[in-house]
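Working notes, beginning with the structure itself.
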Amino acid sequence: MDDYTFNEPLIIQNESESKFQRGVFPVILSIFYVAASTIMPLFNKKVFLVYPYPVTATLLQVIGATLLLFVINLVYHFFTHKEHSWIFGPNFLKKSLFILPVSVFFAGTIVLTNISVSLVPANIHVLLKTTNIIWIVLLAWLLRKEKPGVLVILSIVGLITGTFLVSFDFASTVKAPVVKIVVNLVSSFCEVIVILTLKWTMGKLTQLDPNISMMEVTLFKLGQSIIFMVPIMYAIERFHGIEVIPTFSTSTTLLVVGGVLLTMFFQSTTVGLAGCAFVTTVGMVIQIQVLPQTLLSIVLFHNFLV
């Protein structure tokens, strides 16, 4: 079987489902992804305002999402009679090894992303995050030899110009702006690496097990990432974030629980979209979230720079 490439959609095993999986399903996932990715950083910004431990908060969200996905996977396995893949099914070791690189990149990226959210106003993070389309186009050119068109180049030039102006304005209003801006730009680049690695991994997993689901892949990814996130949490925040959990108010507890549910939903849709859409399509979908994120952050924080 030919090697799977970054820019190919997943092979559809059942031709009767090809129309839905190649047409309707990616659109539905794109809508869900935009909704989840629009809310996620703004929600976490709210969390970090009352719980200033972004790495610990990230770990709690991932652990909670992993446990929920594990229960869902077990319930689906034992209460259905369809042939399907599940977490402890055949090829467990091979699946684990295929997903391991994604889990490593994801662990570092999600921690870095949430740290970047805690460092800058919500809208600054949103605008700086749009630079990931630059990396997507550049890596597609380098890895796939796909030269961008004139309109794409003009869009990137405009994006770079806008990023520079926003960064310059932000730098004039805060202390140590360079570090905060660089952390946000690096997290944007790392997200692209995760998407590219996930795209390749989804292709390999589908060849290994055509029945594997996006929730199972998400469960593998989140579960493995916990192993790498624990030492990161200890290195940055020690156990200070864990020690204050007994003092949580009801509202803080609800925020943490809400973060668990949102993380599960967001990461599942990310895996699904990476599996059924082209890499460049994922990049364009990511850009759609900018306007709703900007408007929502103004509504939530009552200011452009919060």
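Laboratory data are not the source of any read-out in this text; all were calculated from the coordinates shown. No experiment lies behind these values; they were computed from the predicted model shown. Neighbour counts run over all protein chains shown; Cβ positions are idealised from the backbone, glycine included.
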If a/c stays under 1.5 just call it rounded; otherwise compare a/b with b/c (prolate if a/b is bigger, oblate if not). Do that for segment 208-251, with a ≥ b ≥ c from the square roots of the Cα gyration tensor eigenvalues.
-> oblate
Surpassing 32 Å at the alpha-carbon level, of the pairs Lys45/Lys94; Lys180/Lys221; Lys45/Lys147; Lys46/Lys147; Lys45/Lys221, are Lys45/Lys94; Lys45/Lys147; Lys46/Lys147
Long-range share for segment 163-297, i.e. C-alpha pairs more than 17 Å apart as a percent of all pairs, stands at 74
Order of 194-202, 237-245 by packing, highest average Cβ count within 10 Å first?
-> 194-202, 237-245
When the chain is fully extended, how far beyond the present Cα-Cα distance does Ser249 get from Ile153, taking 0.36 nm per residue of separation?
-> 29.6 nm
If you find the alpha carbon centre of segment 224-240 and of segment 93-170, how far apart are they in angstrom?
-> 24
Extending each Cα 7 Å along its Cβ direction at Trp141 and Leu261, get the distance between those two points in nm, one decimal.
-> 4.4
Stick to Cα atoms and the Kirkwood definition of Rh, then tell me Rg/Rh for segment 51-158.
-> 1.10
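If segment 80-233 were replaced by its equivalent ellipsoid, with semi-axes equal to the square roots of 5 times the Cα gyration tensor eigenvalues, what would those be, largest first, whole Å?
Details: eigenvalues 241, 87, 25 Å².
Its equivalent ellipsoid spans semi-axes of 35, 21, 11 Å.
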Using the Karplus equation 6.51 cos²θ - 1.76 cosθ + 1.60 (θ = phi - 60°), what ³J(HN,Hα) coupling, rounded to whole Hz, does each residue of segment 261-275 give in order, writing x for Gly and Pro?
-> 5, 5, 4, 4, 5, 5, 5, 5, 5, 4, 4, x, 5, 5, x
